[in-house]
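Everything on this sheet refers to the single structure shown next.
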Amino acid sequence: IPIHHLPTPSAPLHPVCTSTLPPGTMAVVVDPQRTEQIRAVLAQTLSPDANTRRAAERHLTDAQKIEGHPLVVLHIVASDSAADAAVRQAAAVHFKNIIKKGWDEHAEHGTEGITISATDRDLIKSHLVELMCTVPPRIQAQCSEAIALIAKVDFPQHWKNLLPDLVQRFESPDPNIVSGVLVTTNAILRSFRYVQRSEELYRDYSYVLQGLQAPLLTLFIRTGKAVDACPNDPAQLKPRFASLRSMCRIFYSLNWQDLPEYFEDHMKEWMGEFGKYLQYRNPVLVDPDEEDEPSPIDVLQAAIVENLNLYANKDEEPFLPFLP
């Protein structure tokens, strides 16, 4: 559909029917004609012709100011057509950029005319975690970034189900889903690092600890057992080592402000697991052609060392028996 044949976006989107989406993802009411128009524009942003690309990008800039547009884009992200893989990726990037520019209504730089209604915000937050767990890795990464951007504004006070939704996915049998969820969780919790404690921060910090500290240790130990069970299968090991590394970064975030009581009580388990991986060797995770690139083992060990340095700098008495 050439750009000049598409209607100029000028009026709010009026949802009229429900399109079929993959089971377990979004079931949001959208206008199918509008969806196909935006899908065509996204396809033209991938055109080798510079003029076509620029026209499509201008159309999207105008369209993103229309009420309901983010849901239309998210609907395209959720479609499961293999033929549309590149368009879905473009849609995911476009959606993330809408969130980046328009979610924070009080942003100092403004929202570039993007208005996301309260209803659309609730729908997005209700579906985005589940969608992230059903899409291919490259699209998953964009969904993860969008979640982190929303969380920066809304979590936890205005997104109470986010942490339970993420923790629930720790039980997934798919290591790639677990790894993606942990990357998202890590991105959200970086806000606890390198900042002075305040009453508001400590309130959020306490909330996260209560919901996350026990499931995190359980998942770390369970992931270690899964690693032990498949020592010769790099396809199984790599996402699990990525998960272990993300969990170490989450550990860092949760321990930066203080030594929480739960972590003090379970110091032996954590330090035992850390010691295991500091001594871990496995040639199937080492690529001899990538000598300058750290292996999954290297990046995990680096994260563990950062955690140990954090504790050593705190000079916490419970940690002292575990020092060499």
*For Arg34, Arg54, write out the residues from largest to smallest accessible area, computed with a 1.4 angstrom probe and no ligands counted.*
Arg54, Arg34
*Each residue of the stretch 86-103 in order: what ³J(HN,Hα) in whole Hz does its phi give by Karplus 6.51 cos²θ - 1.76 cosθ + 1.60, θ = phi - 60°, with x for Gly and Pro?*
5, 5, 4, 5, 4, 5, 5, 5, 4, 4, 4, 5, 4, 4, 4, 8, x, 6
*Take each of the peptides 36-47, 140-151, average the number of other beta-carbon atoms within 10 Å over its residues, and list them starting from the highest.*
140-151, 36-47
_Protection proxy ranking, peptides 86-94, 258-266, average beta carbon neighbours within 10 Å, highest first_ = 86-94, 258-266
_the chain - Kirkwood radius from inverse mean 1/r over Cα pairs (Å)_ = 21.7
*Can you grab the distance from the C-alpha centre of the stretch 68-97 to the C-alpha centre of the stretch 155-206, Å, no decimals?*
25
*Enter the accessible area of Lys314 (Å², nearest 10), with the probe set to 1.4 Å and all protein chains included.*
50
_Added length on full extension, which subtracts the Cα-Cα distance from 0.36 nm per residue, Glu57 to Asp228_ = 56.7 nm
*Is there a pair in Lys100/Lys152; Lys152/Lys238; Lys96/Lys160 whose C-alpha atoms are over 19 Å apart, and which pairs would that be?*
Lys152/Lys238; Lys96/Lys160
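Please list Thr218, Thr223 in order of solvent-accessible area, largest first, computed with a 1.4 Å probe with all protein chains present.
Correct descending sequence by accessible area is Thr218, Thr223.
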*Per residue accessible area in Å² of the chain, where ligands, DNA and RNA are left out and the probe is 1.4 Å*: 50
*Quick one: net charge around Gln236, please, counting Lys, Arg +1 and Asp, Glu -1 for every other residue with C-beta under 13 Å from its C-beta.*
0
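Please report the relative contact order for the chain, taking Cα pairs under 8 Å with a sequence separation of at least 6, and give it as a percent rounded to a whole number.
This gives 12 percent for the chain.
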*Per-residue accessible area for Glu130 at 1.4 Å probe radius, Å² rounded to 10?*
70
*Helix axis angle, 296-314 relative to the chain longest principal axis, alpha carbon, degrees*: 60
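Per residue of the chain, what 222 nm ellipticity follows from adding -39500 (n - 2.57) for every DSSP H run with n ≥ 4, rounded to the nearest 500?
Estimated from H runs of four or more residues: -20500 deg cm²/dmol.
Set the Förster distance to 30 Å, then compute FRET efficiency between Asp289 and Asn309 from the Cβ-Cβ distance, nearest 0.05.
Using R0 = 30 Å, I get an efficiency of 0.45.
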*Name the aspartates and glutamates eligible as straight-distance cross-link partners of Lys314: C-alpha to C-alpha under 20 Å, and not fewer than 8 places from it in the same chain.*
Asp258, Glu261, Glu264, Asp265, Glu269, Glu306
_Cβ-derived FRET efficiency at R0 56 Å, Asp49 paired with Glu200, nearest 0.05_ = 0.65
*Heavy atoms only, probe 1.4 Å: what % of the accessible area of the stretch 109-180 goes to carbon and sulfur, would you let me know?*
53
_Apportionment of accessible area to carbon and sulfur, the stretch 185-324, percent (1.4 Å)_ = 49
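The values are calculated or read from the model by the stated rules, or taken from the named source; none is laboratory data. Source: prediction; values computed, not measured. Heads up, the Cβs are rebuilt from the backbone with ideal geometry, glycines too, and the neighbour counts pull from every protein chain shown. Calculation scope for accessible area: heavy atoms of the full protein, side chains included, ligands and nucleic acids excluded. Shrake-Rupley method; radii C 1.70, N 1.55, O 1.52, S 1.80 Å.
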